[in-house]
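Below: one structure, written as structure tokens.
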Amino acid sequence: MSISIDPKNIDPQNIKALAMDLDGTILAPGAILNERTIRAIDACRQRGIQIILSTGRSLESTEKFRLSLGAEGPMIYLNGALVVDMPQDLVLNAVPLGVEAAEFCVDLARETGVYCQLYISDVINASGINAGGIQSGRTTLMAELDCPERDEYAKHTKLFAELGDLKEILRRAGQKTCVKCMFLTEPEIQSKLRPRLEERLGKSVYIARTFRTYLEVMDVKASKGHGLKYIMERYSWKAEEVIAIGDEENDLPMFEVAGFSAAPASSKDAVKAKASMVIGSNAEDGVAAFLEELFGTA
């Protein structure tokens with residue numbers, strides 16, 4: 001798929017950062033990072049453009065892709081719940097999920113029998129402040145059910161959730177807190193869970209579908225948009241100096257922050273409708289083709 005870049009709308013020489021989603025965007029089906037994409041992103045990096053991976057994945061699940069791309073600097077993990085400077089593994093910004101919200105998610109999962117997992121930070125306390133002297137973006141994945149969904153997530157991300165009593169974990173005193181909750185279930189079940197989450201938790205949380213079977217709950221101030229805005233302010237980047245690329249509902253908040261946005265042709269219609277540009281699908285190395293054409297590096 002070919003795209004046409006209007007120089008009146010975007011100046012390649014002015015771009016300082018690319019904020020890019022992983023699954024469904026720069027990763028081909030099967031969560032594969034193709035060589036063409038690696039080369040295209042590396043060419044941008046060589047031009048001095050900051051590469052920001054902006055993903056719902058955890059640091060641990062993202063690291064192999066970051067290393068393959070040679071990307072360093074601030075990265076957005078867990079849909080913006082954590083912004084971490086890599087490879088130093090230094091947390092720049094953390095937005096924990098409130099204990100009450102996390103407990104309600106666990107209660108709802110128990111009531112409905114839906115698989116639920118929590119991402120637990122060991123060093124960020126409930127106020128989002130470093131509690132252990134060393135800030136690390138690494139998290140522990142916890143769940144209560146040993147079921148196919150647990151195995152499927154491990155197959156996709158290489159992360160296997162530890163089993164334990166989630167309510168007990170949330171109530172423990174010390175240097176631990178939940179930064180994200182995820183329900184893994186079919187879309188029709190998600191459509192029943194979401195209204196209940198919204199009714200009980202209201203505007204205190206940000207809820208997003210990030211994969212066909214993933215429904216995620218974070219604090220309202222945790223989103224890819226909030227994470228990207230934090231980084232832009234840190235580096236004094238203007239909106240027109242940043243391009244955001246993504247394919248899912250959770251990418252829309254960073255579309256609102258960046259000056260330009262691109263969505264692969266394989267994205268949902270609602271996402272493509274909000275994007276500045278529609279590029280080739282992830283199965284066609286659409287991001288690579290887009291970068292090659294925009295920066296003339298093909």
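Read-outs throughout are calculated quantities, based only on the coordinates presented, and are distinct from any laboratory measurement. Predicted model, so just to flag it, every value in this text is computed and none were measured. Don't worry about glycine lacking a Cβ; one is built from the backbone with ideal geometry, like all the others, and counts go over all protein chains shown.
Expressed as an acute angle from 0 to 90° and rounded to the nearest 10, what is the orientation of the C-alpha long axis of helix 148-157 relative to the principal long axis of the chain?
The helix 148-157 is inclined about 30 degrees to the chain.
Can you tell me the FRET efficiency between Glu240 and Asp89 if r is taken as the Cβ-Cβ distance and R0 is 41 Å, rounded to the nearest 0.05?
That gives a FRET efficiency of 0.85.
Could you compute the net charge surrounding Glu249? Neighbours are other residues with a C-beta less than 9 Å from the C-beta of Glu249; K and R count +1, D and E count -1.
Within the 9 Å Cβ shell, the charges total 0.
Could you calculate the contour length gain from Asp146 to Glu103, that is, 0.36 nm times the residue separation minus the distance between their Cα atoms, to one decimal place in nm?
13.5 nm
Taking Cα atoms, how many degrees apart are the long axis of helix 35-46 and the longest axis of the chain, rounded to 10 and kept between 0 and 90?
80 degrees
Below 9 angstrom from the Cβ of Asn282, what's the summed charge of the other residues (Lys, Arg +1; Asp, Glu -1)?
It works out to a net charge of -4.
Under the rule that a partner needs its Cβ under 4.7 Å from the first Cβ, which Cys of the chain have none?
Those would be Cys44, Cys116, Cys147, Cys178, since no other cysteine Cβ in the chain comes under 4.7 Å of theirs.
Which of the following values of percent of Cα pairs over 31 Å apart was calculated from the structure shown: [x] 40; [y] 29; [z] 25?
Computed from these coordinates, percent of Cα pairs over 31 Å apart corresponds to label [z].
If you count, for each residue, the other Cβ atoms within 10 Å and average over each peptide, how do 281-291, 10-20 line up from highest to lowest?
The densest-packed peptide leads the list: 281-291, 10-20.
Please compute, for the alpha-carbon atoms of segment 99-219, the extent along each of the three principal axes and give them in descending order in Å.
Between the extreme Cα coordinates on each principal axis of segment 99-219 lie 44, 33, 24 Å.
Choose one answer from Lys238, Lys272, Lys180: the residue with the largest mean-square fluctuation in a GNM of the chain with alpha-carbon springs under 10 Å.
Per the Cα network of the chain with a 10 Å cutoff, Lys238 tops the list.
Can you tell me the FRET efficiency between Asp269 and Glu188 if r is taken as the Cβ-Cβ distance and R0 is 25 Å, rounded to the nearest 0.05?
It comes to 0.85.
What ranking do 161-170, 68-77 get when scored by the average of other Cβ atoms within 10 Å per residue, highest first?
Listed from highest to lowest mean packing, they are 68-77, 161-170.
Sort 252-262, 214-224 by the packing proxy (mean of other Cβ within 10 Å over each peptide's residues), most packed first.
My ranking of the peptides, most packed first, is 214-224, 252-262.
Between His156 and Glu168, how many nm apart are label points set 7 Å from Cα along the C-beta direction?
Output for this residue pair reads 2.9 nm.
Taking K and R as +1 and D and E as -1, what net charge do the other residues with C-beta under 14 Å from the C-beta of Asp107 add up to?
Taking every other residue near Asp107 into account, the sum is -2.
Taking just the alpha carbons, could you work out the radius of gyration and Dmax for segment 210-296, both in angstroms?
13.4, 40
About the Cα centre of segment 99-219, how large is the charge dipole given +1 on each Lys and Arg Cβ and -1 on each Asp and Glu Cβ? Please answer in debye to the nearest 20.
Dipole size: approximately 320 debye.
Using only helices, what value at 222 nm comes out for the chain when you add -39,500 (n - 2.57) per DSSP H run of length 4 or more and divide by the total residues, to the nearest 500 deg cm²/dmol?
Here the helix-only value at 222 nm equals -10000 deg cm²/dmol.
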